[in-house]
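Taking it in order: structure first as structure tokens, then the write-up.
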Amino acid sequence: METEERISMIKDSVKIAPPAAYREKSYVKSAEEYLAKYQQSIENPTAFWNEIAGEMVWQKRLPTVIEGSMPDFQFFPGSAINVSENCVDRYAKDPLTRNKVAIFFEGENGERKAVTYLQLYDEVQKFANVLLSFGLKKGDVVSVYMQNLMETYVVLLACFRVGVIYNTVFAGFSPEALRDRIVNSNAKMVVCSNASYRRGRVLKLKETVDEALKGVDCVNQVVVYKRMPEVETPMQEGRDFDYDTLMASASANCPPMPLDCNDPGLIIFTSGTSGRPKGIVHAGGGFLLGTYAYTKYQLDLRPEDVYWNTNDIGWLTTHIFVLVGGLALGNTTVLYEGALDYPHTGRLYEVVERYRVNKMFSAPTAYRMMMKHGEEVAAKYDLSTIELLISVGEPFNPEAWHWVRRVIGGGDAVINNTWGQTETGGTPLASMPGAVPMKAGSCGVPFFGHQLDITDLTGNPVPTGTPGYLIIRNIFPSLARDVFGDRKRYVENYFSQIPGAYFTGDSAVRDEDGQFWVLGRVDDVINVSGHRISTMEMESSLIQHKAVIEAAVVGQPDDIRGLVPVALVTLEKGFTPSPELEDSLKKQVVQDIGTFARPEKIFYVEAMPKTRSGKIIRRMLREILQDGEVRGDVTGLEDMEIVNQLVKDINGKK
Ligand code: PRX
């Protein structure tokens, strides 16, 4: 959607009040209450974060709340806190909650199990002892390559327990991408499952790990959870260990280590403006404080809720809203492994009905997929328990928004489209569900303690209704603390564009009601089904191919996935377009990054439109792909003839 179209959509959007029944249960019950608390939290962030800290279990609590400023800041320096103690122990020790289900697991193959807080407590302590038994120490890194499983939660919580930094890698990544992440985080151990179900197929994750570890010497052990014991899994003597065997002899007593609130807790790699993926570092304690606050107020999460976040553990969203935020609130969560529309298109609804889910969190891509399957599928299930539907990761188009509310939400559910980034470790923008009126497609209002602004490139606020750069002017505990091993990159990427502010890399508009609408990236990152993919990374993969001289990748709108990557390449002499070549180019990207980055289409072009300084003008490629012509400014172009040829090449193949 073009920016002008978006702006008129924003102007035309209507306000929908949250239903009274929901409002009554909400932590914040009115717009006035939200505004008053928001103002206080900005004027006195210390008081707000102290209030959140008061709801945590601390091992040591010193009076200092905030120290320093961007990019060198700390929350509760010197105070000691442990994430796993807050997420597990406090509910496992309380007789009222110890037998409460923490996780309902459901596999794509239909397998089901329920795990209580007490059981989780034992499992987490056992795996923490496994980590210690291999000599892992505070600050060491473990890479985790697993799908959504109860055991994945155990592994991650165990890392938090003993100060080991985990680095989850999405199980769709290729061996090369996994190797990059293992090497760049200097991981000492890899924990993986042997295989995963995906649309009835078996993905052999351990094979990927074996391939990734070729030539890697930082990893000493690989712990393998045999999710599918029937899948043959070669184990390397002395390096590979079976999860169940280790757990069988591990003691279930491992006290939570006192950790400084600012000690690194996790690393997650993400694509950014330039170069290779960055290892975003989050402080464990800081992440806990932030995610607890977002989950409590933006999801209104209550102990009696049954809550399902359909997203994959390879994406930070589930760490924010389930693993840490959700469990820290003592919640019952549904955990599902596999495809949401397999083996039949009603699978998602079946899960909602079975567990009486009342709050569901998904991504616009998944919602649009359900929409494509049709409302007659939804009509077969009892979805009456649904009260709140949440979304993050990509623009939520109003058509899908209304469909979701009517069909999944029974016409009266609250829809909360949140905005966040891997770097923000949470969602600084969201609807305050019971308090602020909804608007289809809006990302809501700034969260307590977060000062967001929309500015020009010098940091001056732009008028209401005008697009600008989305920035955050103050610090908050879940803001990334570093890029692993590259402080300079951290400072340059996020804190150098606008002095004194965090630069999100997104553009946005604020409307008359103070609601924010995020329009998209201002850099070369595209968002495919919620996965952030750097077009530069894809381009460098394509030019590795012997047939390619030059490559450009742009995002093309797609009804379901939001955007899909499309590649334009110029070929070396002697190569001609053929189905085999197309196949091998796509394979190159799949091998370097993963299947989710496979280019949807490849166009062969004679030359690329460039500026006089030699930069490819991707905007023009996008315009030709979308509209069949270049509409914007052409004055910076080096050679107009190239554009005419491109229009012919591309239109001929569309
Ligand atoms: O461009 C924004 C888009 O997704 C990016 C962040 O991606 P990732 O780090 O993978 O997200 C992790 C989520 C905690 C942002 O820079 N984005 C996210 N939410 C929205 C969005 N774009 C539009 N609307 C949203 N609600």
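Rounded to the nearest 5, the antiparallel percentage of DSSP beta bridges internal to the stretch 529-653 is 75%.
Taken as Cα centroids, the stretch 142-220 and the stretch 561-580 sit 31 Å apart, rounded to the nearest whole angstrom.
How long is the gain from PHE134 to MET640 if the chain were fully straight, where each residue apart is worth 0.36 nm and the alpha carbon distance is subtracted? Present the calculation step by step, with values, prior to reporting the outcome.
On the way: separation 506, 0.36 × 506 = 182.16 nm, distance 6.29 nm.
Extra length from PHE134 to MET640 when fully extended: 175.9 nm.
Averaging the sequence gap over all C-alpha pairs within less than 8 Å and six or more residues apart, then dividing by the number of residues, gives the stretch 513-654 a relative contact order of 19 percent. Extension gain for SER8 to HIS402 (0.36 nm times residue separation, less C-alpha to C-alpha distance): 140.1 nm.
Please give the FRET efficiency for GLU376 paired with ARG199, using the beta carbon to beta carbon distance and R0 = 25 Å, rounded to the nearest 0.05.
Working: r = 22 Å, r/R0 = 0.88.
Plugging the Cβ-Cβ distance into 1/(1 + (r/R0)^6) gives 0.70.
With a simple spin-label model that places each label point 7 Å from the Cα along the Cα-to-Cβ direction, the separation between ARG98 and ASP72 comes to 4.7 nm.
Could you please rank ASP244, ASP558, ASP524, placing first whichever residue has the fewest other Cβ atoms within 10 Å of its Cβ? Before the final figure, lay out the partial values.
Working: ASP244 12, ASP558 16, ASP524 23.
Sorted ascending by nearby Cβ count, the order is ASP244, ASP558, ASP524.
Each stretch of four or more DSSP H residues adds -39500 (n - 2.57); spread over every residue of the chain, this sum gives -9000 deg cm²/dmol at 222 nm.
Taking 45 Å as R0, compute the FRET efficiency from the Cβ-Cβ separation of ASP456 and ALA47 and round it to 0.05.
On the way: r = 32 Å, r/R0 = 0.72.
That gives a FRET efficiency of 0.90.
Convex hull volume of the Cα atoms of the chain, normalised per residue: 156 Å³.
Just subtract the alpha-carbon distance of ASP412 and ARG631 from 0.36 nm times their residue separation and send over the number in nm, one decimal. Can you show the working numbers first?
Numbers: separation 219, 0.36 × 219 = 78.84 nm, distance 4.15 nm.
Length difference between fully extended and current span is 74.7 nm.
Reachable lysines from LYS188, Cα under 21 Å, same-chain residues fewer than 8 places away excluded? The qualifying lysines are LYS126, LYS137, LYS138, LYS206, LYS214, LYS226, LYS278.
Taking the Cβ of each residue in ILE7, ILE533, ILE549 as the centre, tally the other Cβ atoms inside 10 Å and list the residues starting with the fewest.
Working: ILE7 17, ILE533 24, ILE549 13.
By the 10 Å Cβ count, ascending: ILE549, ILE7, ILE533.
Mean separation of Cα pairs under 8 Å and 6 or more residues apart, divided by the residue count, gives the chain a relative contact order of 13 percent. Between rounded, prolate and oblate, where does the stretch 236-323 land on the alpha carbon gyration tensor, with a ≥ b ≥ c its root eigenvalues, rounded for a/c under 1.5, else prolate if a/b exceeds b/c? Taking the square roots of the gyration eigenvalues as a ≥ b ≥ c, the stretch 236-323 is oblate. The spread of Cα positions in the stretch 529-653, taken along each principal axis and listed from longest to shortest, comes to 38, 37, 28 Å.
Normalised by 2.2 N^0.38 Å, where N counts its residues, the alpha-carbon radius of gyration of the stretch 1-160 equals 1.44. Restricting the calculation to Cα atoms, every distinct pair contributes to the Kirkwood radius of the stretch 471-517, found to be 12.2 Å. Here's how it looks for ALA283: its modeled amide H is under 5 Å from those of GLY265, ARG481, which are all 5 or more places away or on a different chain.
Ellipsoid fit via the Cα gyration tensor, the stretch 344-433: semi-axes of 22, 14, 12 Å, each the root of five times an eigenvalue, largest first.
When only DSSP loop residues count, what trypsin sites (Lys or Arg not before Pro) in the stretch 446-555 have their Cβ near at most 13 other Cβ atoms within 10 Å? Those satisfying the criteria are LYS546.
Find out how many positive minus negative residues lie around GLY465, taking Lys and Arg as positive, Asp and Glu as negative, among other residues whose Cβ is under 10 Å from that of GLY465. Kindly include the intermediate steps, with their values, before the conclusion.
Details: positive: LYS11, ARG510; negative: ASP511, GLU512.
It works out to a net charge of 0.
Values in this text are rule-based calculations from the coordinates and carry no lab data. Keep in mind that what you see is a predicted model, and the values were worked out from it rather than measured. Please note: Cβ atoms are built from the backbone with ideal geometry, for glycine as well, and neighbour counts cover all protein chains shown.
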